[in-house]
Amino acid sequence: MLDLGFVRANLELVEAKLRDRGQDPAELLGDFRALDKDRRERITEAEQLKAQRNKLSEEVAKLKKSGQDASAVMEETRGLKTKMESLEASAAEKEAQMQAILARIPNLPLADVPIGKSEQENVEIKRWGELPKFDFVPKPHWELGEQLGILDFERAAKLSGARFAVYWAEGARLERALISIMLDIHTREHGYTEVLPPFMVNSKSLFGTGQLPKFAEDLFRCVDEQGYEPGVYRENDHWLIPTAEVPVTNLYRDEVLDDAQLTQSLVAYTPCFRSEAGSYGKDVRGIIRQHQFQKVELVKFTRPEDSEAEHEKLTRDAETILERLKLPYRRVLLCTGDMGFSSAKTYDLEVWLPGQDLYREISSCSNFWDFQARRANIRYRPKGQNKSALVHTLNGSGLAVGRTWLAIVENYQQADGSVKVPDALIPYMGVERIGPGEKRA
């Protein structure tokens, strides 16, 4: 959430930044100006009445001290108090309406974010790795997975419906191996602390990271004993998490961290659940876009002056996994029109998929500035200062496990239909190859 004082003082800048994001400022800001004007007028009038009431109170004291009748002045004082309280209540109501407007405004892009309308205007920053060369036509992972008997969509549909998958045998082991190597590298080499959070959260947690109220339709909401009311969010509601970003970021909601705790880097493995609203007919083949998938998430809490450097470091930490697995990828800086709601700047890492002849996102690494921290009230106490300040939050996939799985299957496929296991994964898998000619390590 943006700071109310900042928006008030920089309304034209906010409008320009929203236009850069492809948003209509008039639609998002609504009657913000009028509400702010009315609120300030009511506050000013209430303060004037308070000053007038204080003078009358002094007059009442003098009248009483001199033994004179003060009832008329006291009645006037009570009338001023009633009017003042009404004005203060009205001002508070106007501020609540302004806060509701702020809750639906996306974060503002940083100065170095390229202006653009869609992913077509994202900027490629770098490429890594040699694209694999095949003396046969490479297959997509959904064909390879079913031929190898490690990926089962038919039984998954029987169990749960469309956009689910069952992994069998070495396919299940590959998923588990990827989770393990990611957690090991991030904790042992990159200095992250592992955390295993709940997979269900309340509405306040989803508000804190920016999923509510705007993206409710993208989430799976549990129907508790109180029933379900669209648009009504209660403290004891339960939602399946769309990403570990939500519970991990909210670990410190409504807390003040010590300066010595920063930068704090956390890593978490969780399943993720998304309704994929609005994606009908998109990526229906394979496991690119599922209702349930696994992810290893990186989350950082840092000082404002360190957040840009920490963003670069977090992105490099995610890239390390791809390089260790020798998967070709590219880093892309998202333009203003392709950024997430809460992000101030985002790098996407896109892995090469030869079976589909394209690069596909496997991690989004974002700097949220103080946007999430303001919504979730996460603060720290700067060294040598008495006043607390908002932290900056960052996160990124380190990596999306299912997409790493399919990237390995497609990049390491062999002419005989088998899949070679990347060298870094052999100690975790116990085999050097999946499928025909399988060889135990």
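The values are calculated or read from the model by the stated rules, or taken from the named source; none is laboratory data. Here the structure is a predicted model, which is why all the values come from computation and not from measurement. Counting neighbours? That spans all protein chains shown, and the Cβs are built from the backbone with ideal geometry, glycine included. Accessible surface is based on the protein model in full, side chains and every heavy atom, while ligands, DNA and RNA are left aside. Shrake-Rupley method; radii C 1.70, N 1.55, O 1.52, S 1.80 Å.
Some notes on this structure:
- If you go through the range 251-267 and keep only what is outside any helix (DSSP H, G or I) and of a type in the set (A, V, I, L, M, F, W, C), you end up with 256, 257, 262, 266, 267.
- A single member of 301, 293 is outside any helix (DSSP H, G or I), aromatic (Phe, Trp, Tyr) and open to solvent by 10 Å² or more (accessible area, probe 1.4 Å), and it is 293.
- Filter result for the condition that a residue is at pLDDT below 90 and acidic (Asp, Glu), over 88, 41, 59: 59
- Count of residues meeting criterion [under 17 Å from residue 345 (Cα atoms), in a loop (DSSP other than H, G, I, E, B) and open to solvent by 80 Å² or more (accessible area, probe 1.4 Å)] in the range 113-140: 2
- Some residue of the range 179-190 being outside any helix (DSSP H, G or I), at pLDDT 95 or above and of a type in the set (S, T, N, Q): no
- Screening the range 141-173 for residues that are open to solvent by less than 40 Å² (accessible area, probe 1.4 Å), part of a loop (DSSP other than H, G, I, E, B) and in contact with a Leu (Cβ under 8 Å, 6 or more places away or on another chain) and picking the one that is nearest to residue 332 (Cα to Cα) gives 165.
- Scanning the range 32-60 for residues that are open to solvent by 80 Å² or more (accessible area, probe 1.4 Å) and closer than 25 Å to residue 9 by Cβ yields 33, 37, 40, 41, 47, 48.
- Cβ-Cβ under 8 Å pairs, at least 6 apart or on other chains, the range 24-44 side of a type in the set (Asp, Glu), far side open to solvent by 60 Å² or more (accessible area, probe 1.4 Å): 36/8
- The residues of the range 248-261 that are crowded, with 16+ Cβ neighbours inside 10 Å and either touching a Gly at 6+ places or on another chain (Cβ under 6 Å) or over 16 Å from residue 368 (Cα atoms) (or both), listed by number, are 250, 251, 253, 257.
- Checking residue 355 against (1) closer than 26 Å to residue 425 by Cβ; (2) within 20 Å of the chain's Cα centre (by Cα); (3) surrounded by fewer than 24 Cβ atoms within 10 Å (Cβ to Cβ), the condition it does not meet: (2)
- In the range 372-425, the qualifying residues are those that are assigned to a loop (DSSP other than H, G, I, E, B) and of a type in the set (S, T, N, Q), and the one that is farthest from residue 354 (Cα to Cα) is 386.
- Some residue of the range 97-106 being of a type outside the set (Gly, Ala, Ser), over 22 Å from residue 349 (Cα atoms), open to solvent by 60 Å² or more (accessible area, probe 1.4 Å) and assigned to a loop (DSSP other than H, G, I, E, B): yes
- Taking the range 205-242 as the range and being at positive phi and surrounded by 11 or more Cβ atoms within 10 Å (Cβ to Cβ) as the test, only 210 passes.
- When the range 262-276 is filtered for residues that are open to solvent by 30 Å² or more (accessible area, probe 1.4 Å), within 17 Å of residue 218 (Cβ to Cβ) and in contact with a strand residue (DSSP E or B) (Cβ under 7 Å, 6 or more places away or on another chain), only 273 remains.
- When each of 146, 175, 194 is tested for being touching a helix residue (DSSP H, G or I) at 6+ places or on another chain (Cβ under 9 Å) and without any contact (Cβ under 8 Å) to a residue 12 or more places away in the chain, the lone residue that passes is 146.
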